[in-house]
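Below is one structure, written out as structure tokens, with a few remarks after it.
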Amino acid sequence: MTLGDIVKPIQPYIQDFDTILKEQMRSNVLLLDTVVRYILRQRGKRIRPLLVLLSAAICGNVNRRTHIGATMVELLHTASLIHDDVVDESAQRRGMASINAIWKNKIAVLVGDYLLSRGLLIAVENGEYDFLRITSHAVRRMSEGELLQIQKTRQLDMDEATYFRIISDKTASLISTCCEIGAVSASSNPDHHKALREYGEIIGSVFQIRDDTFDYSGGNSLIGKPTGNDVQEKKLTLPLVYAFSQASAKESKEILKVIKSKPTKKDVKLIIDFVKRYKGIEYAEQKAYTMIAEAKHKLNIFDNSPAKTSLLLFADYSFQRLM
């Protein structure tokens, strides 16, 4: 199963989305247009707009409102990535130099602000105030989740409930928003809106769990994130949180002491071995598979269709993806 298989029902609409996105990113400032062209070269999988389109398709049909919603969330997502790279001092994004690495932080922040404003304006200019309301909640949650993670990273104090709160706010909120906006664009049925919002919330969390298991399994070299990177940044993710819950207080305290220092490669290996010994990766995987089943159940409200099949497949893809 590939993402290409999943997007088949909406393939005819993707080019229209790309055209609108490029139009919305244009400006009359040469420097800004130069940066925007560079951003457009960093084409990711466009997961979020694809979910908007699929969510509209399962509810009825993709229409102009759907394209507005898809463009809006992609602009907001791109802005958040640029700002994240500044905050994290990241030198790369999708295998290419980040905006802040090339043009420095001031320009990166301003470009992020520009894309954020364009995302908001496309909704305002088209009277899509429901989209603004839904998205504003997501932006608030993303900020709260990021700040809570920073707090917990400093304190090195994390339990499973707090971990899920963080990933729900940081990652799942925008995925949930995409699915809800797609539903709102094509259906007036509140049950459809709720089902897709909840589907997106669950799948968004699964996405983050997958990224977090990559850090301990070694598979994350495919996404340009070296194994043990989370540990070095003192991020306590689900595999490690579970290992702490299974280990003795003494051993957990010793591992936390290592994390508090600047872990060497040898230290990182020690921590990864600790997680594996207490089956932290297996626990996270099982949790994800349970959540995938729950997400699929949310789609029972919809009649069978190619879009429904794609969203069911996407639920599996969210954890089975290799990068």
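The values are calculated or read from the model by the stated rules, or taken from the named source; none is laboratory data. The shown structure was predicted, so the numbers you read here are calculated from the model rather than taken from an experiment. Cβ coordinates were reconstructed from backbone atoms using ideal geometry, including for glycine residues, and neighbour counts include every protein chain displayed.
Miscellaneous remarks
- Output for the stretch 215-239, where each listed residue is in a helix (DSSP H, G or I), within 20 Å of D159 (Cα to Cα), hydrophobic (A, V, I, L, M, F, W, C) and modelled with pLDDT under 95: V231
- First in the stretch 80-108 and surrounded by fewer than 16 Cβ atoms within 10 Å (Cβ to Cβ), second anywhere and aliphatic (A, V, I, L, M) and assigned to a strand (DSSP E or B), Cβ under 8 Å, 6 or more apart: A91/A97
- Of all the residues in the stretch 104-137, those that are within 13 Å of M72 (Cα to Cα) and within 23 Å of the chain's Cα centre (by Cα) number 17.
- Which listed residue is part of a helix (DSSP H, G or I) and either surrounded by fewer than 14 Cβ atoms within 10 Å (Cβ to Cβ) or modelled with pLDDT of 95 or more (or both), from K262, K296: K296
- Qualifying residues in the stretch 303-323 (those that are surrounded by 21 or more Cβ atoms within 10 Å (Cβ to Cβ) and touching a Lys or Arg at 6+ places or on another chain (Cβ under 9 Å)) - the one nearest to L240 (Cα to Cα): S318
- Within the stretch 1-56, the residues that satisfy the criterion of being polar (S, T, N, Q) and either touching a helix residue (DSSP H, G or I) at 6+ places or on another chain (Cβ under 8 Å) or in a helix (DSSP H, G or I) (or both) are Q11, Q15, T19, Q24, S27, T34, S55.
- Every residue from the stretch 251-305 that is in contact with an Asp or Glu (Cβ under 8 Å, 6 or more places away or on another chain) and free of Cβ contacts under 8 Å to residues at least 40 places away in the same chain: V258, S261, F274
- Check on R65, buried (at least 17 other Cβ atoms within 10 Å of the Cβ) and either part of a loop (DSSP other than H, G, I, E, B) or basic (K, R) (or both): yes
- Subset of the stretch 272-286 [under 19 Å from I167 (Cα atoms) and crowded, with 20+ Cβ neighbours inside 10 Å]: G280, I281, Y283, A284
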